[in-house]
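See structure below.
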Amino acid sequence: MSSDKKVRELQKRRKEVQQGGGEQAIQKQVAMGKMTARERIIKLLDEGSFNEYDMFVEHEARDFGMDLKILHGDGVITGTGTMGGRPVCIFAQDFTVAGGSLGSMHARKITKIMDHSLKMRMPLIGINDSGGARIQEGVNSLAGYGEIFFRNTLASGVIPQISVILGPCAGGAVYSPALTDFVFVVDSISKMFITGPEVIKTVLGEDISMEELGGARVHSEITGNAHFFSESEDECFDQIKALLSYLPWSNTDVPARKKVIQPLEKYNISEIVPGDKRQPYDVRNVIRSVTDGSDFFEIQENWAANIVIGFGTMNGHTVGFVANQPLVLAGVLDVDSSDKAGRFIRYCDAFNIPIITLVDLPGYLPGVDQEHAGVIRHGAKVLYAYSEATVPKITVIIRKAYGGGYIAMNSRHLRADFVFAWPDAEVAVMGPEGAANIIFRKEIASAEDPELMRAQKVQEYKEKFANPYVAAAKGFIDSVIEPGETRKSLLHALEVSGDKSVGMPAKKHGIPPF
Amino acid sequence: MSNKEKTAKKKPFQEPPLESLEIGGAVYITRLTSKFSNRKNWERPNERVVIAVIPGTIQKIMVKVGDQVEAGLPMLILEAMKMRNEVLAPVGGVIRTINVSVGEQVPKSHLLVELD
């Protein structure tokens with residue numbers, strides 16, 4: 001049995017480490033509007049569940065007078081705990097200790113907990129708040145980053161990996177979050193960039209603030225590097241808890257089943273979509289009209305909003321939704337929206353989450369900027385991701401499904417398991433206006449009243465082709481359904497595809513158009 | 001908190017107004033993204049107008065107005081990122097204007113030389 005003296009020594013040592021960088025540094029952290037690393041872990045995990053590892057680790061730097069410095073926990077707190085009663089691994093960089101800088105032991109603590117999460121098949125949550133590499137440790141610090149990135153990649157698609165950016169995350173450090181599944185940012189706290197404002201100013205003469213360069217808003221709206229934006233750390237933690245409620249704990253696990261609730265009456269599916277296909281509506285309301293309790297947890301809400309992605313529940317099970325958003329850019333596919341959808345489809349596939357695709361798009365976004373930005377290569381990501389996915393894949397064509405967009409949005413041809421269409425659906429190479437202009441070019445040009453002739457021909461084309469029955473006649477659409485039958489049809493499709501099993505050609509891995 | 005209030009609070013990003021967007025001959029009523037609204041319309045580059053591709057300092061000018069130059073001839077030296085970059089004549093022609101002087105710091109896209 002331990003003597004009281006030894007126990008007191010342990011208590012004293014613990015207390016010291018728990019003070020992080022000390023009172024002054026903590027005050028600075030608070031003045032920046034940030035919680036301390038320890039507070040963050042306590043807030044995020046179930047009460048009293050945190051079990052700290054490697055508390056007494058000491059740094060190894062000997063140069064530049066570093067051997068005289070004590071860095072508690074070497075600037076990072078790691079351990080396990082539970083969230084909603086389920087185990088998770090967590091690390092939080094402690095900015096109060098040497099600016100959360102990453103030295104070799106700091107990195108080794110992180111990689112240890114990463115190895116643990118992969119081995120024990122549980123999610124990994126990383127809270128980033130660090131000035132970057134610890135320059136005094138030189139190449140050892142770079143090695144540390146490399147070891148982390150390697151493990152992020154190994155764990156990718158096996159366990160959920162979540163990055164929370166609650167402070168600076170600059171230079172090479174940004175690549176760990178970038179390799180993980182979901183990145184959370186908080187307004188005015190998160191800052192991510194490869195090269196900072198100072199270097200940019202010196203080299204290129206561009207004058208920009210950290211916030212404008214890589215703040216939470218920038219990554220939520222412009223770059224797409226972040227998946228979830230919030231205005232406070234508390235709100236951010238609620239988002240993380242909500243996200244985890246949809247996820248399986250690993251690629252061999254299934255998400256916890258939720259209680260089945262009927263969709264809310266205020267989302268009346270028959271009233272959401274205007275008959276005129278040029279009029280917008282919010283496709284998220286269509287999703288809410290079919291999911292349990294009208295629940296929809298959107299991802300990357302503010303980036304490439306012309307496509308909507310996120311999780312919902314159907315009959316208590318997690319489902320991934322991918323939907324064109326007619327409310328933004330008419331719901332076109334473009335560079336960013338293809339990137340966004342492609343990655344999400346692969347996420348769902350990796351974690352055995354069925355995908356429901358809602359289609360209403362006029363095609364791809366025209367423009368020199370799009371072509372030169374590589375819309376061919378990026379657009380291909382959607383085709384690749386759907387073709388490769390072996391989870392249940394269900395499609396509902398709401399209104400327009402034109403050209404390449406029709407093929408890309410989980411068509412029968414990419415092995416959709418079920419394709420439903422509403423009576424208003426149009427599956428065609430292009431819209432009636434464009435088609436009539438090409439097919440009847442001569443008749444329109446030589447007509448006495450070209451505009452009248454154009455209108456007539458557009459109408460003619462509409463009557464003949466602007467419907468779901470041409471595609472249904474070929475079996476490309478399985479069922480034409482009334483809007484009100486959508487939830488029932490989806491539930492049925494999910495039920496019968498529960499044991500779906502398809503093989504893919506044996507290969508090491510494919511070559512997706514990254 | 002009612003759902004409406006919750007939605008209102010959850011909108012830290014501005015929602016742009018509805019506008020029209022033509023795709024495939026049809027005009028759709030929709031919101032435009034800031035990225036789409038801020039995109040630059042493509043213009044064919046004018047080879048006779050030489051601009052700074054990078055900010056820097058004019059270290060040396062080797063030509064004067066009225067000089068006949070051949071394509072590929074170094075016209076001036078722009079020091080940037082600790083490198084001495086030769087600015088070459090993109091096409092043959094006569095120097096019409098030189099818009100910088102030695103020692104001058106120029107921002108990116110600054111007009112350097114016009115050729116006739």
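The values are calculated or read from the model by the stated rules, or taken from the named source; none is laboratory data. Values in this document were obtained by computation on a predicted structure and should not be read as measured data. Glycine also receives a Cβ, built like all others from the backbone with ideal geometry; neighbour counts cover every protein chain displayed.
Taking A:ASP424 as meeting all but one of (1) within 14 Å of chain B (Cβ to nearest Cβ); (2) part of a loop (DSSP other than H, G, I, E, B), write down the number of the exception.
Here A:ASP424 meets the rest and fails (1).
Let me confirm something: among A:THR252, A:THR291, which residue is surrounded by 20 or more Cβ atoms within 10 Å (Cβ to Cβ), farther than 25 Å from A:TYR402 by Cα and hydroxyl-bearing (Ser, Thr, Tyr)?
Going through A:THR252, A:THR291 in turn, just one is surrounded by 20 or more Cβ atoms within 10 Å (Cβ to Cβ), farther than 25 Å from A:TYR402 by Cα and hydroxyl-bearing (Ser, Thr, Tyr): A:THR291.
Run down A:ASP94, A:ASP74, A:ASP67 and say which single residue is over 24 Å from A:PHE182 (Cα atoms) and surrounded by 24 or more Cβ atoms within 10 Å (Cβ to Cβ).
A:ASP74
If you check every pair at least six apart or on different chains, which have Cβ atoms under 8 Å apart with a residue in segment A:209-232 that is more than 9 Å from chain B (Cβ to nearest Cβ) and crowded, with 24+ Cβ neighbours inside 10 Å first and a residue that is assigned to a strand (DSSP E or B) and of a type in the set (Phe, Trp, Tyr) second?
So the pair list comes out as A:GLY214/A:PHE193; A:ALA216/A:PHE229; A:ALA226/A:PHE184; A:HIS227/A:PHE182; A:HIS227/A:PHE184; A:PHE228/A:PHE182; A:PHE228/A:PHE184.
Within segment A:428-449, which residues are away from chain B (no Cβ under 14 Å) and either among the aromatic types (Phe, Trp, Tyr) or outside any loop (DSSP other than H, G, I, E, B) (or both)?
Correct list: A:LYS442, A:GLU443, A:ALA445, A:SER446.
Which of the residues belonging to segment B:50-70 are away from chain A (no Cβ under 14 Å), surrounded by 12 or more Cβ atoms within 10 Å (Cβ to Cβ) and assigned to a loop (DSSP other than H, G, I, E, B)?
Within segment B:50-70, B:MET62, B:VAL63, B:ASP67 qualify.
Scan segment A:287-296 and tell me whether some residue there is assigned to a loop (DSSP other than H, G, I, E, B), at negative phi and either within 11 Å of another protein chain (Cβ to nearest Cβ) or modelled with pLDDT of 95 or more (or both).
Within segment A:287-296, one or more residues are assigned to a loop (DSSP other than H, G, I, E, B), at negative phi and either within 11 Å of another protein chain (Cβ to nearest Cβ) or modelled with pLDDT of 95 or more (or both).
So that you can scan it fast, the table gives a plain yes or no per residue for (1) farther than 27 Å from A:ALA226 by Cα; (2) assigned by TED's automatic domain parsing to the domain that holds A:PRO168; (3) not β-branched (Val, Ile, Thr):
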position	(1), (2), (3)
A:GLY33	no, yes, yes
A:GLU47	yes, yes, yes
A:GLU52	yes, yes, yes
A:ARG62	yes, yes, yes
A:GLY73	yes, yes, yes
A:THR82	no, yes, no
A:ARG121	no, yes, yes
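Please go through segment A:339-377 and pick out each residue that is within 14 Å of another protein chain (Cβ to nearest Cβ) and under 18 Å from the mean Cα position of the chain (by Cα).
A:ASP339, A:LYS340
Within segment A:265-280, how many residues turn out to be assigned to a loop (DSSP other than H, G, I, E, B) and within 27 Å of the chain's Cα centre (by Cα)?
So the answer is 3.
With the structure loaded, tell me whether A:GLU301 is in a loop (DSSP other than H, G, I, E, B) and either away from chain B (no Cβ under 14 Å) or without any contact (Cβ under 8 Å) to a residue 12 or more places away in the chain (or both) or whether it fails that test.
Criteria not met by A:GLU301.
Select, from A:ILE309, A:ILE353, A:ILE345, the only residue that is in contact with a helix residue (DSSP H, G or I) (Cβ under 9 Å, 6 or more places away or on another chain), part of a strand (DSSP E or B) and within 22 Å of A:GLU388 (Cα to Cα).
Testing whether each residue is in contact with a helix residue (DSSP H, G or I) (Cβ under 9 Å, 6 or more places away or on another chain), part of a strand (DSSP E or B) and within 22 Å of A:GLU388 (Cα to Cα) leaves just A:ILE309.
I'd like the residue in segment B:81-97 that is away from every other protein chain (no Cβ under 14 Å) and under 19 Å from the mean Cα position of the chain (by Cα) and, out of all such residues, is surrounded by the fewest Cβ atoms within 10 Å (Cβ to Cβ).
B:LEU88
How many of the residues in segment A:465-486 are closer than 13 Å to A:TYR406 by Cβ and under 31 Å from the mean Cα position of the chain (by Cα)?
Of the residues in segment A:465-486, 2 are closer than 13 Å to A:TYR406 by Cβ and under 31 Å from the mean Cα position of the chain (by Cα).
Search segment A:221-240 for residues being of a type in the set (A, V, I, L, M, F, W, C) and part of a helix (DSSP H, G or I), and hand back the single one that is modelled with the lowest pLDDT.
The residue in question is A:ILE222.
Which condition does A:LEU452 not pass, out of (1) assigned to a helix (DSSP H, G or I); (2) without any contact (Cβ under 8 Å) to a residue 60 or more places away in the chain; (3) in contact with a helix residue (DSSP H, G or I) (Cβ under 7 Å, 6 or more places away or on another chain), if it passes all the others?
(3)
May I ask you to say which residue of B:GLU47, B:GLU43 is touching a residue at least 40 places away in the same chain (Cβ under 8 Å) and either within 7 Å of chain A (Cβ to nearest Cβ) or at negative phi (or both)?
None of the others qualify; the one that does is B:GLU47.
Quick check on this structure: which one of A:VAL391, A:VAL322, A:VAL332 is touching a residue at least 60 places away in the same chain (Cβ under 8 Å) and more than 26 Å from A:GLU221 (Cβ to Cβ)?
Just a single option satisfies the conditions, and that option is A:VAL391.
Taking the condition part of a helix (DSSP H, G or I) and either touching a residue at least 40 places away in the same chain (Cβ under 8 Å) or closer than 20 Å to A:VAL139 by Cβ (or both), does A:ALA25 pass?
Considered against the rule, which asks whether it is part of a helix (DSSP H, G or I) and either touching a residue at least 40 places away in the same chain (Cβ under 8 Å) or closer than 20 Å to A:VAL139 by Cβ (or both), A:ALA25 comes out as yes.
Determine which member of the set A:LEU243, A:LEU213 is in a helix (DSSP H, G or I), more than 23 Å from A:PHE297 (Cα to Cα) and at pLDDT 95 or above.
Being in a helix (DSSP H, G or I), more than 23 Å from A:PHE297 (Cα to Cα) and at pLDDT 95 or above holds for just one of A:LEU243, A:LEU213, which is A:LEU213.
If A:GLU58 satisfies every condition in (1) at pLDDT below 95; (2) crowded, with 16+ Cβ neighbours inside 10 Å; (3) within 23 Å of A:ARG151 (Cα to Cα) but one, which is the exception?
(2) is the only condition that A:GLU58 fails.
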